[in-house]
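First the structure, in the form of structure tokens, and then the observations on it.
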Amino acid sequence: MILIAPRRLCAILTAGLLAATLLAPGVAMAAPRTGSVPACLMHPLPLPAGGGLAWDAMFVDPAGRFIVGTGRRATDQGQEPVLVRWDGPRVTVLTRSPGLLVAVNRHGVLVGDSSTGAGNRPWRFRDGQVEWLPLPPNGIGGYVTAVNSRGDIVGYGGYLEYPVTLRWPVDRPDTVEVLEPGGLPVAILDDGTIVGEVPGEEDRSSHGPGARGPGARGAGGERGVAPPPVAWVRRPDGRVDRLTAPGAVKSTVRVARGNWAVGQVADTADGQYGQMVRWDLRTGVATPVRPGLIAMTGVNASGGLLSDSVVDHLDRRVPLRSVVSGPVNRVVAEAIADNGLVVGRAVGRQVSLPVRWSGC
């Protein structure tokens, strides 16, 4: 039995932290491109009227226009959770936060989910209103993971006590669909392609090497052994392909955008993931990511991977340069846009401030 994960799959590997007065970390690289490197400098984001906000999360839409975050501000009644949006130089408190913010699309639609007395409930914020999304039949809760530019939302939920892939289509607002292959989706692309993973109980990919179903032989040929985790891509026509690599027995995916997905593979069913890879979703071909990275926080349409304190492009790495002093002793990079804009937080013992990096 697979239990519903309590939080986002893509947040399992945490964002990296910087802790120096002027930090430009050296990273192991194989044949990096020489020449000018973008500055990728950190800038504070303006606080809304009232200030005093403690930031919990930051996101940016793929186009790099809308930056959104969740925070808490002091009121006469105590701490109030709020949703805030930056649109260029304008900062606006949108509403009291209904729960955990997960993503924003290029039109400024926000999605997330909230713990309620009846289970976890997904929501969407658009046109100034919070809308609660329907739950699957026989479900015990719903978790949102991504939204595309159309407004289609994906996530996962409880269905007969197993996590299933869910889609909330924007053109049918009162509908939730249960999709194959099941498991945990991490992204829905603008053409409707969904990327995710089955966390080890069964592999329902349509075809491809190593595909197995329930009760099939395990990695060593023995019966009754649950297959290892497998990453997958579900095409708009419903076809499901496995995301793997030569010699890999199991795979996991954490982020996807455009034609790219990033995850890890391992060559044994019970071994640790030893190689980070970048999949070209057009072909399914996996290319090893050069060593030295720790986490996977995001990827943009050009294949630029946000990881720890750098942006790993296909041909170079750009460090996130940051100045931290006084009450701020580290920064957390959380999301990257297609134009190279990175957003995150500057954090200290009693402070958490929204920041962005440009030119990354």
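The table that follows gives values for the structure above.
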read-out	value
Average Cα contact separation per residue, segment 89-196, under 8 Å, 6 or more apart, as relative contact order %	18 percent
Positive-end residue of ILE294, TRP232, GLN272, charge dipole of segment 228-314 with Cβ unit charges	TRP232
Relative exposure of ARG345, ARG239, ARG85, ARG290, judged by other C-beta atoms within 10 Å (fewest first)	ARG239, ARG290, ARG85, ARG345
Gain in span if fully extended, ASP237 to ASN138, counting 0.36 nm per residue against the direct Cα distance	33.0 nm
Charge dipole magnitude, Cβ of K and R +1, D and E -1 - segment 228-314, Cα centre, debye nearest 20	260 debye
Neighbourhood charge, 13 Å Cβ-Cβ cut-off, centred on ARG121 and excluding it, Lys, Arg +1 and Asp, Glu -1	-1
Segment ARG330-THR287, extension gain: residue separation times 0.36 nm, minus the distance between their alpha carbons	12.3 nm
Computed Kirkwood radius, in angstrom, where 1/r is averaged over Cα pairs of segment 254-360	14.8 Å
Residue order, fewest to most beta carbons within 10 Å, for SER322, SER352, SER114	SER114, SER352, SER322
Size descriptor, Kirkwood hydrodynamic radius, that averages inverse alpha-carbon separations across segment 228-314, Å	13.0 Å
Among TRP123, GLY155, GLY141 - extreme Cα towards positive end, dipole of segment 99-190, charges at beta-carbon	TRP123
Selection from GLY304, GLY348, ALA335 lying farthest towards where the dipole of segment 301-349 points positive, charges on Cβ	GLY348
Sequence of THR244, THR175 once ranked by neighbouring C-beta atoms within 10 Å, starting from the fewest	THR175, THR244
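Bear in mind that the values in this text are calculations on the coordinates, not laboratory data. Because the structure is predicted, anything quoted here is derived from the model rather than measured. Cβ atoms come from the backbone with ideal geometry, glycine included; neighbour counts cover every protein chain shown.
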